[in-house]
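Novice: This structure is in structure tokens; I'll ask about it shortly.
Throughout, read-outs are computed from the coordinates displayed, never taken from laboratory work. Note that the coordinates shown come from a computational prediction; the quantities given were computed from them, not determined experimentally. Please note: Cβ atoms are built from the backbone with ideal geometry, for glycine as well, and neighbour counts cover all protein chains shown.
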Amino acid sequence: MRQVNPGAKVIAESAAPLRQGEDEHACRRATFSITREFDGGQRDVHSQAYLLRIGERFVKFRFTYPAMNDKTGAEAVTAFVEALTLPKPKP
């Protein structure tokens, strides 16, 4: 994240295991604050980045939303992640 956005500041970082039924995927989550071109001007945005391992593969995804909509954006990210169906790791 910081290579692409050198001004990014870490707001939070933690383990965020993703549970799906009996499966649990180890996952790390970080939330960043960034100033970016958005909606016609420079705006503060928050970006949540996830990195998880499924078997021998790594999966990453990122969500970015206006900082002024932090609660709504964070709730939408949580709803998406909880609804996400991940493949089962191969034994």
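Novice: Rounding to the nearest 20 debye, state how big the charge dipole of the chain is about its Cα centre with +1 on each Lys and Arg Cβ and -1 on each Asp and Glu Cβ. Walk me through the intermediate numbers first.
Specialist: On the way: 14 positive and 11 negative charges, 70 e Å.
The dipole magnitude comes to about 340 debye.
Novice: May I pose another question? Would you mind counting up the charge near ARG53? Only other residues with Cβ under 15 Å from its Cβ, with Lys and Arg at +1 and Asp and Glu at -1.
Specialist: Details: positive: ARG19, ARG28, ARG29, ARG57, LYS60, LYS88, LYS90; negative: ASP23, GLU24, GLU56.
Combined, the nearby Lys, Arg, Asp and Glu give +4.
Novice: May I pose another question? Counting only helical runs of four or more DSSP H residues, what would the 222 nm mean residue ellipticity of the chain come to if each run contributes -39,500 (n - 2.57) and the total is spread over all its residues?
Specialist: Estimated from H runs of four or more residues: -5000 deg cm²/dmol.
Novice: OK, next. Report the Cα-based extents of the stretch 42-91 along its three principal axes, largest first, to the nearest Å.
Specialist: 45, 20, 9
Novice: So which lysines can LYS71 reach, going by Cα to Cα under 19 Å and dropping same-chain residues fewer than 8 places off?
Specialist: Cα-Cα hits under 19 Å: LYS9.
Novice: On to the next question. Give the longest segment of the chain that steers clear of GluC sites (Glu not before Pro) in DSSP loops with at most 13 neighbouring Cβ atoms within 10 Å, not counting the sites themselves. Could the numbers behind the result be given before it?
Specialist: Values: sites that count: GLU22, GLU56.
After excluding every exposed loop site, the longest remaining stretch is 57-91.
Novice: Out of the chain, which trypsin sites (Lys or Arg not before Pro) are coil in DSSP terms and have no more than 12 other C-beta atoms within 10 Å?
Specialist: Details: sites: ARG2, LYS9, ARG19, ARG28, ARG29, ARG36, ARG43, ARG53, ARG57, LYS60, ARG62, LYS71; in loops: ARG2.
Sparse-neighbourhood loop trypsin sites (Lys or Arg not before Pro): ARG2.
Novice: Could I ask something else about it? Below 15 Å, Cα to Cα, which aspartates and glutamates can LYS88 reach? Residues fewer than 8 away in the same chain don't count.
Specialist: Candidates past the 8-residue exclusion: GLU22, ASP23, GLU24, GLU56.
Novice: With unit charges on the beta carbon (Lys/Arg positive, Asp/Glu negative), name the residue among PHE38, PHE58, HIS25 whose Cα is farthest towards the positive pole of the charge dipole of the chain.
Specialist: Final value for the positive-end residue is PHE58.
Novice: Could you give me D for the stretch 9-83, from Stokes-Einstein at 25 °C and 0.890 mPa s, where the hydrodynamic radius is the Kirkwood radius over C-alpha pairs? Units µm² s⁻¹, please. Walk me through the numbers before you get to the answer.
Specialist: Values: Rh = 13.3 Å.
Value of D from the Cα-based Kirkwood radius: 184 µm²/s.
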